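See below for the structure under consideration.
Values in this text are rule-based calculations from the coordinates and carry no lab data. Keep in mind it's a predicted model, so treat the numbers as computed, not measured. Every residue, glycine as well, gets a Cβ built from its backbone with ideal geometry; the counts of neighbours run over all protein chains shown.
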Amino acid sequence: MRTIALYPGSFDPPTNGHYDIIKRSATLFDKLIVAVAENPAKKYFFSVDERTSMLREIVREYDNIEVDHFDGLLVEYADKIGAVTIIRGLRALSDFEYEFELALMNRHLNANVDTIFMMTDEHYSFIRSSLVREVARLGGDISDKVPPVVEKYLKEKLF
Ligand code: PNS
């Protein structure tokens with residue numbers, strides 16, 4: 001049986017921290033689906049198409065990684081694509097409470113789907129999308145925080 005894992009997120013925008021988790025997860029599973037969330041109640045900086053395009057460019061050279069987007073419940077999307085594992089990254093203790101609730105709620109909603117956590121690489125422990133957006137908006141250097149395609153999208157959108 002081929003093991004399919006799902007790495008969901010807002011990816012607004014994708015960072016090097018996300019990319020690190022993607023690369024490491026893809027070595028553990030036959031197939032990895034990176035799933036961009038589209039929640040109508042949430043306001044994103046980049047559209048779902050932009051976030052999906054950036055990720056497709058980032059993972060272009062990996063045969064076993066696909067990028068998709070979803071709305072509605074994550075566990076329903078997991079069922080639809082045949083994934084029984086959700087991957088989430090953990091940076092610091094501050095991530096834990098939210099991730100703990102998310103994982104328990106998802107398992108409550110669908111006991112067939114479990115969440116595993118990957119510890120961030122220490123280089124990326126302080127990187128999150130909202131900070132990257134803020135630094136970029138204020139003209140700071142984000143070239144070592146995001147893949148080149150994301151830096152390009154940010155510059156085009158901001159300036
Ligand atoms: O990158 P983020 O914003 O931390 O990702 C959060 C995400 C998209 C994984 C989460 O909000 C989610 O799964 N949303 C889909 C809707 C859903 O299933 N909500 C119930 C989960 S407890």
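Considering only region 119-153, state which residues are within 19 Å of residue 23 (Cβ to Cβ), buried (at least 16 other Cβ atoms within 10 Å of the Cβ) and among the hydrophobic types (A, V, I, L, M, F, W, C).
127, 132, 146, 149, 150 - these are the residues of region 119-153 that are within 19 Å of residue 23 (Cβ to Cβ), buried (at least 16 other Cβ atoms within 10 Å of the Cβ) and among the hydrophobic types (A, V, I, L, M, F, W, C).
Name every residue in region 10-21 that is in a loop (DSSP other than H, G, I, E, B) and of a type in the set (Phe, Trp, Tyr), in order of residue number.
11
For (1) among the polar types (S, T, N, Q); (2) touching a helix residue (DSSP H, G or I) at 6+ places or on another chain (Cβ under 8 Å), each residue gets a yes or a no:
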| site | (1), (2) |
| --- | --- |
| 11 | no, yes |
| 17 | no, yes |
| 40 | no, no |
| 49 | no, no |
| 54 | no, yes |
| 59 | no, yes |
| 64 | yes, yes |
| 70 | no, yes |
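So in region 31-67, with the set limited to residues that are in contact with a Ser or Thr (Cβ under 8 Å, 6 or more places away or on another chain) and charged (D, E, K, R), which one is surrounded by the most Cβ atoms within 10 Å (Cβ to Cβ)?
By that ranking, first place goes to 51.
Somewhere in region 92-100, is a residue buried (at least 19 other Cβ atoms within 10 Å of the Cβ) and not hydroxyl-bearing (Ser, Thr, Tyr)?
Initial filter on region 92-100 (buried (at least 19 other Cβ atoms within 10 Å of the Cβ)): none.
There is no residue in region 92-100 that is buried (at least 19 other Cβ atoms within 10 Å of the Cβ) and not hydroxyl-bearing (Ser, Thr, Tyr).
Does at least one position in region 1-9 carry a residue that is polar (S, T, N, Q) and either within 16 Å of the chain's Cα centre (by Cα) or part of a helix (DSSP H, G or I) (or both)?
First, pick out the residues of region 1-9 that are polar (S, T, N, Q): 3.
After this cut, where a residue has to be either within 16 Å of the chain's Cα centre (by Cα) or part of a helix (DSSP H, G or I) (or both) as well, the list is none.
Scanning region 1-9 turns up no residue that is polar (S, T, N, Q) and either within 16 Å of the chain's Cα centre (by Cα) or part of a helix (DSSP H, G or I) (or both).
Looking at region 65-80, I want the residues that are free of Cβ contacts under 8 Å to residues at least 12 places away in the same chain and have a partner that is assigned to a strand (DSSP E or B) with Cβ atoms under 9 Å, at least 6 apart or on another chain. Which pairs are those?
Pairs found: 80/70.
Select from region 9-54 the residues that are of a type in the set (Ser, Thr, Tyr) and closer than 16 Å to residue 120 by Cα and write down the one among them that is farthest from the ligand (Cβ to nearest atom). Even if it seems obvious, please write down each step before you answer.
Taking region 9-54 and keeping what is of a type in the set (Ser, Thr, Tyr), we get 10, 15, 19, 25, 27, 44, 47, 52-53.
If we keep only those that are closer than 16 Å to residue 120 by Cα too, we end up with 15, 19, 25, 27.
On the way: 15: 10, 19: 14, 25: 14, 27: 22 Å.
Here the residue is 27.
Against the definition (part of a strand (DSSP E or B), of a type in the set (D, E, K, R) and more than 11 Å from the ligand (Cβ to nearest atom)), how does residue 57 come out, yes or no?
On the way: part of a strand (DSSP E or B): no; of a type in the set (D, E, K, R): yes; more than 11 Å from the ligand (Cβ to nearest atom): yes.
The answer is no for residue 57.
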